[in-house]
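The values are calculated or read from the model by the stated rules, or taken from the named source; none is laboratory data. Predicted model, so just to flag it, every value in this text is computed and none were measured. Cβ coordinates were reconstructed from backbone atoms using ideal geometry, including for glycine residues, and neighbour counts include every protein chain displayed. Just so you know, the surface numbers come from the protein's heavy atoms only, side chains and all, with ligands and any DNA or RNA stripped out. Shrake-Rupley method; radii C 1.70, N 1.55, O 1.52, S 1.80 Å.
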Amino acid sequence: MFGRLGPFELILILCIALVVFGPSKLPQVGRSLGEAIQEFKKGTSQVKKDLNSITEDTIENDKNA
């Protein structure tokens, strides 16, 4: 249902954002959104690293036991 966004949908979203935020605030909003996405990716990669470390430690402890 919410698959891929086509060019028409992207243009529509951009127009709505332009009306809501105005042309002067749009770059600032985009920058903030990009930074938020970057922080989210950092957080998820750290969680993955932690989970992998825990599972590797568990596997090593099981082998040694």
For the chain, with all protein chains present and a 1.4 Å probe, just round the carbon and sulfur fraction of the accessible area to a whole percent.
65 percent
Rolling a 1.4 Å sphere over the protein heavy atoms, what is the accessible area per residue of the chain, to the nearest Å²?
95 Å²
May I ask you to derive the FRET efficiency for Leu33 and Ile11 from their Cβ-Cβ distance with R0 = 22 Å, giving the value to the nearest 0.05?
0.80
Checked against the positive end of the charge dipole of the chain (+1 on Cβ of Lys and Arg, -1 on Cβ of Asp and Glu, about the Cα centre), the farthest of Leu18, Leu33, Leu51 is Leu18
So I have (1) 64, 29, 13; (2) 37, 23, 17; (3) 38, 31, 22, and one of them is Cα extents along the principal axes in Å calculated from this model. Which one is it?
(1)
